[in-house]
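Quick note: the coordinates plus some simple rules give every number you see, no bench work behind them. Note that the structure is a prediction, hence the values are computed from the model and not measured.
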Amino acid sequence: MTGWAPSGALAANIEITSINVRRGDVIQIGGQPCRVRDLVQLPAGAKRLFFESGEVLTLHARSRLAALRMMRKW
C-alpha cells in the first residue's frame, strides 16, 4: 500500500465483521496495513474484500478483525 500515510484526520480503532466493513477501512494483515478498495457480497453473509495493494480476503459471516476507520468531520 504505497503512498498512504495517516494524516491529521480523526481515526477510530474498531472491530469489523462482514456486516459493518466499509470501503476505506484499513485492516492490518500480517503486520501490513491494507486499505479496502472494494467489496463483494457472497452467499451466507460473507464478503470478499479487495485491497488497494492487490490482496483479496474473504471475510466469513462469523469473522471479526481489528481495523482503523477514518472519521469524517462535518
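Here are a few things to note about the model shown:
- Taking 0.36 nm per residue of separation and subtracting the Cα-Cα distance, full extension of the segment from Ala44 to Ile19 would add 7.9 nm.
- Annotation: amide H-H contacts under 5 Å for Ala46 (H modelled 1.01 Å from N, sequence separation of 5 or more, or interchain): Ala61.
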